[in-house]
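The values are calculated or read from the model by the stated rules, or taken from the named source; none is laboratory data. Everything numeric in this text was worked out from a predicted model, so none of it was measured. Don't worry about glycine lacking a Cβ; one is built from the backbone with ideal geometry, like all the others, and counts go over all protein chains shown.
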Amino acid sequence: MRKQLSAPFLTCSWGQGCSSSACSSVFSLRKMSAGLLLLLCAAAVLCPAGARSPYDELPDAYRPGVDLVLEQLSSHASVQHHFVFLRSLEKMEIEGSFGVKYLNHHFYLKPTKCAKGALKEQHCPYRNDRPLMDCLICYKTISGRMDSNPRPYVHCMQKPRITQEMKATRLAECKKISYNPGAPTILALSTG
């Protein structure tokens, strides 16, 4: 009688010269595999607790823009739920002189089941019954800090409601904020 064990590399034939120690090593291998699988499952359950959020993965220069958008969004009376940063669609950074940068950031926010005003650290499950919020912010930074002059441009709308006209308006507004390479030179010449 031949007994096939689950390990494909070892076949034990009872009564045909197969020692019980060879078969018991197969069972030990099974126990080790089960233990390893259990360990991997435990690690998979524990890892998300320490996992980084998409917001945490953002470069530092883009976080103040997302923070401003979230702050303005939550200040609207019609917004009832907490939103979280989901992902970037497009990031553009133009280096100016004297530590000045111009940033454009197009991204999605995801609604959650938490009420408006929830803390960032609070884990809020996503709401899949509401559309994503499509947001664009254009702003200027000086030495890594957001500058209020020119005033940052913020536009958010539910993703299905974005029109081509809105996209054109967004582009025009961001161009008003963007870098003009001749401006410092003209300013220096006119004061001089």
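Checked against the criterion of being in contact with a strand residue (DSSP E or B) (Cβ under 8 Å, 6 or more places away or on another chain), surrounded by fewer than 16 Cβ atoms within 10 Å (Cβ to Cβ), closer than 22 Å to ASP56 by Cα and hydroxyl-bearing (Ser, Thr, Tyr), segment 73-83 contains one or more residues that satisfy it. Of the residues making up segment 102-150, those that are aromatic (Phe, Trp, Tyr) and under 12 Å from GLY65 (Cβ atoms) are TYR102, PHE107, TYR139.
Could you run through segment 88-124 and say how many residues are part of a loop (DSSP other than H, G, I, E, B), surrounded by fewer than 13 Cβ atoms within 10 Å (Cβ to Cβ) and over 18 Å from the mean Cα position of the chain (by Cα)? Spell out how you get there, then give the answer.
First, the residues of segment 88-124 that are part of a loop (DSSP other than H, G, I, E, B): 96-99, 116-124.
Applying the additional criterion that residues be surrounded by fewer than 13 Cβ atoms within 10 Å (Cβ to Cβ) yields 97-99, 117, 119, 121-123.
Narrowing further to those that are over 18 Å from the mean Cα position of the chain (by Cα): 97-99, 117.
Of the residues in segment 88-124, 4 are part of a loop (DSSP other than H, G, I, E, B), surrounded by fewer than 13 Cβ atoms within 10 Å (Cβ to Cβ) and over 18 Å from the mean Cα position of the chain (by Cα).
Of all residue pairs spaced 6 or more apart or on separate chains, those with beta-carbon atoms under 9 Å, a first member in segment 150-167 that is among the charged types (D, E, K, R) and a second member that is part of a loop (DSSP other than H, G, I, E, B) are LYS159/PRO131; LYS159/LEU132; ARG161/PRO131.
For HIS106, the stated conditions do not hold, so it cannot be described as over 20 Å from LEU171 (Cα atoms) and in the same structural domain as LYS175 (by TED's automatic domain parsing). Test each condition in (1) outside any loop (DSSP other than H, G, I, E, B); (2) farther than 25 Å from ALA168 by Cα for ALA77 and report the one that comes out false. All conditions pass for ALA77, except number (1).
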